[in-house]
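Before any comments, here is the structure.
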Amino acid sequence: MKTVIVGCGRVGAVLASSFDQAGHEVIILDLTSRAFDRLPSTFKGTALRGDGTDEDILRRAGAEDADIFIAMTEGDNRNVMAAQLAQEALGGKRVIAKINDPLRADAYADLGIAALCRTNLMADAVHAYLDMPVSGRKGILEPTGSHPGGEHHEIAASATNAVSVGSAVAREASGTAPSGTQPVPAREV
């Protein structure tokens, strides 16, 4: 499967590595080459320095017809722009945008973009860890329609899974690759 990830932050790097280990053809883009230092030396995918919100760069990177396209930058607007390009111009089959703001996540899901809301995931993970009631808000909102006001289904990420994912990400919190790894060279698109 062709998997494209925009943003090689801590979570983007963990996802790129796991998809690579699962045998996916992985293309990961970031604005800075230094971000690729988070990837393990065993990474066999393609690391490219470039703007994931630029259609021409995404095309040159080979992002057309991606089976999975995940926008994981720190900016909601950048993630939505990249996801819209993947979905509407590049023929992405499963497109996910990380959206930090829960209200925006709802709105983008209504507009047809699957939205991963880490705010919902993290808040419920903390509540579950402290044996408090969870909010019931979902971490991933999957759209069923592609128009304003369209219905969407919320995909539950159990609080237990959210804590497990959070723990895996926390191990990467230093911002560097795990010990024993070497930086992955990046090309400019």
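The values are calculated or read from the model by the stated rules, or taken from the named source; none is laboratory data. Nothing here was measured: the structure is a model prediction, and the numbers come from that model. Quick reminder, even Gly has a Cβ in these numbers, built from the backbone with ideal geometry, and neighbours come from all protein chains shown. Side chains are part of the model used for accessible areas, which takes the heavy atoms of the whole protein and leaves out ligands, DNA and RNA. Shrake-Rupley method; radii C 1.70, N 1.55, O 1.52, S 1.80 Å.
The selection criterion, being modelled with pLDDT of 90 or more and over 22 Å from ILE27 (Cβ atoms), holds for VAL126. So is ARG60 closer than 29 Å to GLY23 by Cβ, in contact (Cβ under 8 Å) with a residue 40 or more places away in the chain and crowded, with 22+ Cβ neighbours inside 10 Å or not? Taking the combined requirement at face value, the residue does not satisfy it. Considering (1) open to solvent by 10 Å² or more (accessible area, probe 1.4 Å); (2) outside any helix (DSSP H, G or I), the lone condition that THR3 does not fulfil carries the number (1). Please work out if GLU55 is modelled with pLDDT under 95 and either open to solvent by 50 Å² or more (accessible area, probe 1.4 Å) or of a type in the set (A, V, I, L, M, F, W, C) (or both). Here the answer is no, as GLU55 does not meet what is asked. Does ALA97 satisfy being part of a strand (DSSP E or B), modelled with pLDDT of 95 or more and open to solvent by less than 50 Å² (accessible area, probe 1.4 Å)? Yes. Remark: pairs (first residue in the stretch 100-115, part of a loop (DSSP other than H, G, I, E, B); second residue modelled with pLDDT of 90 or more and open to solvent by 40 Å² or more (accessible area, probe 1.4 Å); Cβ separation under 6 Å; 6+ apart in sequence or on different chains) = ASN100/THR119. Against the list (1) under 18 Å from LEU15 (Cβ atoms); (2) open to solvent by less than 20 Å² (accessible area, probe 1.4 Å), the condition LEU116 fails is (2).
Taking the residues in the stretch 133-151 that are at pLDDT below 50 and either open to solvent by 50 Å² or more (accessible area, probe 1.4 Å) or aliphatic (A, V, I, L, M) (or both) as candidates, determine which candidate is nearest to the chain's Cα centre (by Cα). First the steps, then the outcome.
Here is the first cut: in the stretch 133-151, the ones at pLDDT below 50 are 146-151.
Next, only the ones that are either open to solvent by 50 Å² or more (accessible area, probe 1.4 Å) or aliphatic (A, V, I, L, M) (or both) stay: 146-149, 151.
Working: SER146: 20, HIS147: 23, PRO148: 23, GLY149: 24, GLU151: 23 Å.
The selected residue is SER146.
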